[in-house]
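K.L.:
Quick one: the structure is below, and I'll ask about it shortly.
The values are calculated or read from the model by the stated rules, or taken from the named source; none is laboratory data. Predicted model only: the values in this text are computed from it and were never measured. Cβ sites come from the backbone with ideal geometry, for glycine too, and all protein chains shown count toward neighbours. The protein model used for the area step is the full one, side chains on, heavy atoms only, and it has no ligands, DNA or RNA in it. Shrake-Rupley method; radii C 1.70, N 1.55, O 1.52, S 1.80 Å.
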Number of protein chains: 2
Amino acid sequence: MSEDYRKMWSDLGIDLTAHDALLGVLGKGYQDIFLSQKNRPAGMSYFDFVMSEVHGLRIRELLNEKEAGRKIIGAYCVFVPEEIVKAADATLVGLCAGADFATDEVEKLLPRNTCALIKSAFGFKIGKVCPYIEATDMVVGENTCDGKKKSYEILNDLLPNLYIMDLPQMKTAEGKALLKAEYIRFKKAVEELTGVTIDAARLKKGIELVNKKRAAMHRLAGLRKADPAPISGLDALLANQVFFYDDVPRFTDSVNRICDELELRIKKDEGVFPKGAPRILISGCPMAVPNWKLPWIIETSGAVIVGEESCVGERGTRNLTDDSGTTVDSMIDAIVDRYFKVDCAIFTPNRDRLDHIIEMAKTYKADGVIHYGLQFCQPYITESMGVEKELQAKGIPVMRIDTDYSMEDVGQLKTRVEAFVEMIKR
Amino acid sequence: MSEDYRKMWSDLGIDLTAHDALLGVLGKGYQDIFLSQKNRPAGMSYFDFVMSEVHGLRIRELLNEKEAGRKIIGAYCVFVPEEIVKAADATLVGLCAGADFATDEVEKLLPRNTCALIKSAFGFKIGKVCPYIEATDMVVGENTCDGKKKSYEILNDLLPNLYIMDLPQMKTAEGKALLKAEYIRFKKAVEELTGVTIDAARLKKGIELVNKKRAAMHRLAGLRKADPAPISGLDALLANQVFFYDDVPRFTDSVNRICDELELRIKKDEGVFPKGAPRILISGCPMAVPNWKLPWIIETSGAVIVGEESCVGERGTRNLTDDSGTTVDSMIDAIVDRYFKVDCAIFTPNRDRLDHIIEMAKTYKADGVIHYGLQFCQPYITESMGVEKELQAKGIPVMRIDTDYSMEDVGQLKTRVEAFVEMIKR
């Protein structure tokens, strides 16, 4: 990385030594896991570049935004409506992290029995290795699971600009009213932060921008129905991860360009894995950068991942927001309608998610489903028991994996995944 | 137990062999832990009798209620308003359980990383050893923590009469509106179940009955300020546990009779422990019958427990409901006001609880606080980090204990508690 970046990081308060170590591991991991893949679409070079500059050029862009008077808002969850952020010419960046960092320090603040995703978010802040969080003008924490809800009380001491968004637990009329009230409150907070009044024209533009981004992801997802799969699950996951960081129109264009290429591949019956390779749907907890452990294990075991039923995947991207409204209120209603459909395991009951898993397994012609649970994630791990039961009843092979960010269980997971892949071979 | 009871249990579907084993352990535990105490108030003989008949006479009484056309409602949480249940001449019984049972079977349905309280509730149902749950006409599950919220989805397959009550996560206007809507819905469900229309006169009577019960507990709590303590923490905990099971007016009278006796003791400077014995406040997760492990360890280590900041304790009993309303709606508002004050760790932020712990430590002249966390209870264990920090800053000695229902850690806990008691000696 250039000296220019080192000064930028230093000015943001980054611990350069720790950060060098992190980037070293990240670069090595990316090389081993992504660049070693065969038959990658040429369009993935964009994402390779994005990842090589993930703490460099992208941070410079965010700081340029700030210098131009615009604001950066960080979020830990797909329930934070990017439509509202974009309507105020602000930028939303995902802050979840997929690697253990400063764990000893984190466990002085959080119980050890906290999931790796939450610990990692704390570790990146405490360890001063995340330029994204340091570049934010506002960070949104949301009351999803107990782990996040209660840890934000502690994060509040570390982040002076933390804003808490409440969320419902049931999809009732009262639950929806609560979500609407919270989105209206969030809109006001964004307006205050940015000095921009979000009128109907701005909100419409925000909805359209984000819809286009999600539509590009739908297009990408749809192309994965093909056999042979035209893109690896790892590369598709990467697109889903960069979804949370990148400039919205540029990301949208890049995904669409890859889709153009994949369409040509499909016509030529070309793929990244042999035709007939076992096809796997991943379902469960989100996978934030650089949490590539399980997909890497799966795709080096002879199977291809054809879909992600995940926040970093179709759970986060699947629905568009109705853009036909003409008033701010009607568009807020449309946004509430869209996010209220997200079938996160924090909701009870959550039948929609089961139906969606089954639908995805059919749509993407999956031979089996691997349920991915982050250890100590009560909502998803509890649901995984029912997912397993339901899929077994439907004759869909399923395996539950509960893990964390450590590499200690790689050997054991590899053995289990290989056995599963062998079992589902057609 | 008499043959009459065996037939009653059998008719309820109880597994008699397993149940005999459970009662054997329970009886032995009660003998060793409660009856071995010295200087107990004579009035505790009522609770000794209640406990000796906990699955006998009390169940017979409940079945008599049912035969007379009245209904039994079970609950797992202090958020279920007994005022509304009593207004419909129905009976509310607590269903939480404090012992491991059928754990192997439970862990086929629930993740291993689920707290002992939830696992125990499942175990008592699956193992068919809880006549209370079998006697209920309706069971109320509530969306408090993730563990309970998600496990009720599974319990729903085991309990045909499960009713889910939603709860807010923040003490906002929307949160309060949600609680009110849920209490109105619950009132309707109770009316449908019982065939009783809850009018203002009935609701007033319900409020008065429950207020008297709670007022008796306030009186008992107040008497524990004395040094020497006139009653052991174990006996006071027992009263707090029986609070959830017993006939309301009879329980109220029994507690008041003990209070009369304790007042005489205090006048004579009599107590259960020597004057000046180290005084401990317990704070944290609820302790359901027969979860007496930690209090027993504390009180056999030379200290006396002077208060419980717990659902089974002052968190559950502290506030009365304003009974001055004259309409159903105004009384529902008063009930909502009362329960909305409960400072359960499911709320965020939850500053009130910290203040209450400090207030209780002062009021009951505690020399130290032991925070009791059930392993895998994310809300209370996460809060315990902040409780420790705050109490330390205030110069109040504090120790955090995270445990479960097993007896494996008794030796280790005893060593830690003895060291803590030694440290806080005046």
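K.L.:
Kindly provide log₁₀ I(q)/I(0) values, in the same order as q = 0.14, 0.18, 0.24 Å⁻¹, from the Debye equation applied to equal alpha-carbon scatterers of the stretch B:10-113.
P.N.:
Log10 I(q)/I(0), no solvent term: -0.82, -1.20, -1.31.
K.L.:
Beyond 25 Å between alpha-carbons counts as too far, so tell me which of A:LYS86/A:LYS267; A:LYS150/B:LYS365; A:LYS149/A:LYS204; B:LYS149/B:LYS394; A:LYS149/B:LYS149; A:LYS28/A:LYS213 fall in that bin. Walk me through the numbers on the way to the answer.
P.N.:
Details: A:LYS86/A:LYS267 37 Å; A:LYS150/B:LYS365 29 Å; A:LYS149/A:LYS204 31 Å; B:LYS149/B:LYS394 35 Å; A:LYS149/B:LYS149 15 Å; A:LYS28/A:LYS213 29 Å.
The answer is A:LYS86/A:LYS267; A:LYS150/B:LYS365; A:LYS149/A:LYS204; B:LYS149/B:LYS394; A:LYS28/A:LYS213.
K.L.:
Kindly tabulate the residues in the stretch A:113-157 with an accessible-area decrease of at least 10 Å² between the chain alone and the assembly of all protein chains, using a probe of 1.4 Å.
P.N.:
Residues of the stretch A:113-157 that lose at least 10 Å² of accessible area once the other chains are added: A:ASN113, A:ASN143, A:THR144, A:ASP146, A:GLY147, A:LYS149, A:LYS150, A:GLU153, A:ILE154, A:ASP157.
K.L.:
Next up: Beta carbons within 10 angstrom, averaged per residue: use that to sort the peptides A:140-148, B:199-207, highest first.
P.N.:
On the way: A:140-148: 24.6, B:199-207: 18.7.
Order by mean packing, descending: A:140-148, B:199-207.
K.L.:
How would A:ASP343, B:ASP32 line up by accessible area, probe 1.4 Å, largest first?
P.N.:
Details: A:ASP343 0, B:ASP32 70 Å².
So the residues, ranked largest to smallest area, are B:ASP32, A:ASP343.
K.L.:
Using a 1.4 Å probe, what is the accessible area per residue for the protein assembly as shown, in Å²?
P.N.:
On the way: 30990 Å² over 852 residues.
So the protein assembly as shown comes to 36 Å² accessible per residue, rounded to a whole number.
K.L.:
Another question, then. Quantify how strongly other chains surround peptide A:177-187 by giving the mean number of their Cβ atoms within 10 Å of each of its Cβ atoms. Don't skip to the answer; put the middle values down first.
P.N.:
Details: counts 4, 8, 1, 1, 5, 3, 0, 0, 2, 0, 0.
Counting Cβ atoms of other protein chains within 10 Å of each residue's Cβ and averaging gives 2.
K.L.:
How high is the relative contact order of the stretch B:1-152? Use alpha-carbon pairs under 8 Å, at least six apart in sequence, and give a whole percent.
P.N.:
Details: 161 pairs, mean separation 42.9, N = 152.
Contact order relative to length: 28 percent.
K.L.:
Just report the Cα centroid separation between the stretch A:350-375 and the stretch A:78-121, whole Å.
P.N.:
That distance is 25 Å.
K.L.:
Which shape class applies to chain B: rounded if a/c is under 1.5, otherwise prolate when a/b exceeds b/c and oblate if not, where a ≥ b ≥ c are the square roots of the Cα gyration tensor eigenvalues? Working shown, then result.
P.N.:
Numbers: a/c = 1.34, a/b = 1.22, b/c = 1.10.
Since a/c stays below 1.5, the shape of chain B is classed as rounded.
K.L.:
When Cβ neighbours within 10 Å are restricted to other protein chains, what is their mean count per residue of peptide A:348-360?
P.N.:
Numbers: counts 12, 6, 2, 1, 0, 0, 0, 0, 0, 0, 0, 0, 0.
Shielding by partners across A:348-360 averages 2.
K.L.:
For chain A, set up a GNM with springs between Cα atoms under 10 Å and report which of A:GLU134, A:GLU174, A:GLU299 has the largest fluctuation.
P.N.:
A:GLU174
K.L.:
What percent does the relative contact order of the stretch B:161-280 come to when contacts are Cα pairs within less than 8 Å and at least six residues apart?
P.N.:
On the way: 80 pairs, mean separation 30.4, N = 120.
So the answer I get is 25 percent.
K.L.:
Given the DSSP H assignment, sum -39500 (n - 2.57) over each helix run of at least 4 residues in the protein assembly as shown and divide by its residue total; what's the result at 222 nm in deg cm²/dmol, nearest 500? All intermediate terms of the calculation are to be shown ahead of the outcome.
P.N.:
Working: 38 runs with 454 residues, N = 852.
After summing the helix terms and dividing by residue count, I get -16500 deg cm²/dmol.
K.L.:
Quantify, in whole percent, the carbon and sulfur part of the accessible surface of the stretch A:254-401 (1.4 Å probe; protein heavy atoms only). Working shown, then result.
P.N.:
Numbers: 2660 of 4940 Å².
Carbon-and-sulfur percentage of accessible area, whole number: 54.
K.L.:
Please report, for B:LYS176, the nm distances (one decimal) from its label point, 7 Å out from Cα along the beta-carbon direction, to the equivalent points in the remaining copies, shortest first.
P.N.:
Going from nearest to farthest copy, the values are 2.5 nm.
K.L.:
Something else now. Taking the highest mean first, how do the peptides B:308-321, B:102-115, A:411-424 order by number of other beta carbon atoms within 10 angstrom per residue?
P.N.:
Values: B:308-321: 22.8, B:102-115: 17.9, A:411-424: 15.4.
Ranking, from highest mean packing down: B:308-321, B:102-115, A:411-424.
K.L.:
Also, quick follow-up: Just how far, in whole angstrom, is the stretch A:249-324 from the stretch B:405-426 if you go by their alpha carbon centroids?
P.N.:
Taking the Cα centre of each part, the stretch B:405-426 and the stretch A:249-324 sit 53 Å apart.
K.L.:
How high is the relative contact order of the stretch B:230-321, in percent, with contacts defined as C-alpha pairs under 8 Å that are six or more residues apart? Before the final figure, lay out the partial values.
P.N.:
Working: 90 pairs, mean separation 35.7, N = 92.
Once divided by the residue count of the stretch B:230-321, the mean separation gives 39 percent.
K.L.:
To the nearest 20 debye, what charge dipole does the protein assembly as shown have about its Cα centre, counting +1 at the Cβ of each Lys and Arg and -1 at the Cβ of each Asp and Glu?
P.N.:
Details: 114 positive and 128 negative charges, 32 e Å.
Using Cβ point charges on Lys, Arg, Asp and Glu, the protein assembly as shown gives about 160 debye.
K.L.:
Another question about this same structure. What's the average, rounded to a whole number, of partner chain beta-carbon atoms within 10 Å of each residue's beta-carbon in A:373-385?
P.N.:
Details: counts 2, 0, 2, 4, 3, 15, 4, 3, 7, 14, 4, 1, 9.
Neighbouring Cβ atoms belonging to other protein chains average 5 per residue here.
K.L.:
Tell me: how much accessible area in total is hidden between B and A, 1.4 Å probe, Å², nearest 100? It would help to have the intermediate numbers written out before the result.
P.N.:
Numbers: alone 17170 and 17120 Å², together 30990 Å².
Chains B and A together bury approximately 3300 Å².
K.L.:
In cubic angstrom, how much convex hull volume per residue do the alpha carbon atoms of the protein assembly as shown span?
P.N.:
Numbers: hull volume 143.8 nm³, N = 852.
In the protein assembly as shown, the Cα convex hull volume per residue is 169 Å³.
K.L.:
Taking the axis that carries chain B onto chain A, what is the nearest Cβ in chain B, and at how many Å, to the whole number?
P.N.:
Residue and rounded Å distance to the axis: B:ASP146, 2.
K.L.:
Follow-up. Taking the DSSP beta bridges in chain A as the whole, what percent of them are antiparallel, to the nearest 5?
P.N.:
Numbers: 0 of 27 bridges.
Around 0 percent of the beta bridges assigned by DSSP in chain A are antiparallel ones.
K.L.:
So, one more: Are there residues in the stretch A:96-111 whose accessible area shrinks by at least 40 Å² when all protein chains are included rather than the chain by itself, and which are they (probe 1.4 Å, ligands and nucleic acids not counted)?
P.N.:
Listed in order, they are A:PRO111.
K.L.:
I've got another one for you. If the viscosity is 1.567 mPa s and the temperature 4 °C, what Stokes-Einstein diffusion coefficient in µm²/s follows for the stretch B:372-426 when Rh is the Kirkwood radius over Cα pairs? All intermediate terms of the calculation are to be shown ahead of the outcome.
P.N.:
Details: Rh = 12.4 Å.
Calculated translational D: 105 µm²/s.
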